[in-house]
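Right, one structure below, let's go through it.
Each reported figure results from applying straightforward, stated rules to the coordinates on display, with no laboratory input. As the structure is a prediction and not an experimental result, all values here were calculated from the model. FYI the Cβ positions are ideal-geometry reconstructions off the backbone, even for glycines, and counts take in every protein chain you see.
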Amino acid sequence: MSNKRPIIGITANAVLDESGRFENFWRSYVNEDYVVSVLKAGGVPIILPIIDDEEAIRKQLESVDAVVFTGGDADVNPKLYGEKALPESSEPNDKRDWFDLKMVKISEEMKKPTLCVCRGHQISNVYHGGTLYQDTSYIKGSNLVHNQYSTPDFLAHEITIEKDSLLYDILKKDKIWINSFHHQTVKEVAKNLKATAIATDGAIEAIEYKNSDYFFLSVQWHPEMMTSCGNEDMLKVFRRLIKETKI
């Protein structure tokens, strides 16, 4: 790897801000923990705002060496995986769904090193043909509070990591404790993906490609929050993403 610092694209969210002088004012943003984590790991963070132009999305991805798909409040629209909205499903953001799905498609074509987080984890599974539980209450036997209201680095529960996995190769551990801020999770894993980390109640916490020639890791928890708070294991995840850019 050269001394050049790799450029890491971070997909943005959008929020309707009605608190200022402009009514119905949309803002593009990412939580700062993503920025801090990329910087800590040695990369240069670039925010990729939601747009509705596929050619421009391709240009966005051409300009970065790796991409982080971020979390967000809006649930993935259940029609994308062939289901009707259930009572616990929140209002979707179709513009973001479209953008993220194009991002997944094009980043895969370009073989960009990819880290998916929370909602990003869910949309990636849906893109590849998987499905979601629209709420963790629909998981039979679920006995964990996955949608915590606590500090960003609060270790909510333990997960078990498959030894034959990229995640294990990064952490060299088969059990770790993670934070948890989600109410939906992966149900059926897409056929070309595999579950590589499971919570004690069976919730799927990480997925990877069954066969891949580039870096792709997708996790349900928030490693960027843990990294920003000083967690060394999660910093290793971001450092590996940086390493995989091979520039």
- Query: Counting DSSP beta bridges with both partners in the stretch 1-51, what percentage is antiparallel, nearest 5?
  - Reply: 50
- Query: In µm²/s, what is D for the stretch 131-242 at 10 °C and 1.306 mPa s, where D = kT/(6 pi eta Rh) by Stokes-Einstein and Rh is the Kirkwood radius from Cα pairs?
  - Reply: 110
- Item | Straight-distance crosslink candidates among lysines, where the alpha carbon sits under 17 Å from LYS140 and sequence neighbours closer than 8 are dropped | LYS187
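For the stretch 7-243, what proportion of DSSP beta bridges, expressed in % and rounded to the nearest 5, is antiparallel?
Values: 23 of 38 bridges.
So the antiparallel bridges in the stretch 7-243 amount to around 60 percent.
Might you report the magnitude of the Cβ-based charge dipole of the chain about its Cα centre, with Lys and Arg at +1 and Asp and Glu at -1, to the nearest 20 debye?
On the way: 30 positive and 37 negative charges, 170 e Å.
Around 820 debye, computed over the chain.
Would you please calculate the Kirkwood hydrodynamic radius of the chain over all C-alpha pairs and express it in Å, rounded to one decimal? If you can, show how the numbers build up before the last one.
On the way: mean 1/r = 0.0550 Å⁻¹.
Result for the chain stands at 18.2 Å.
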- Item | Pairwise Cα inverse-distance average, inverted: Kirkwood Rh of the stretch 27-163 (Å) | 16.7
- Query: What ranking, highest mean first, results for peptides 97-104, 16-23 when packing means the other Cβ atoms within 10 Å averaged over each residue?
  - Reply: 97-104, 16-23
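With N residues in the stretch 81-131, what two-decimal value do you get for its Cα radius of gyration over 2.2 N^0.38 Å?
Compactness ratio reported: 1.21.
Would you mind estimating how fast the stretch 21-90 diffuses translationally, via Stokes-Einstein at 20 °C and 1.002 mPa s with the Kirkwood radius over Cα pairs, in µm²/s? Kindly include the intermediate steps, with their values, before the conclusion.
On the way: Rh = 15.2 Å.
Roughly 141 µm²/s, to the nearest whole number.
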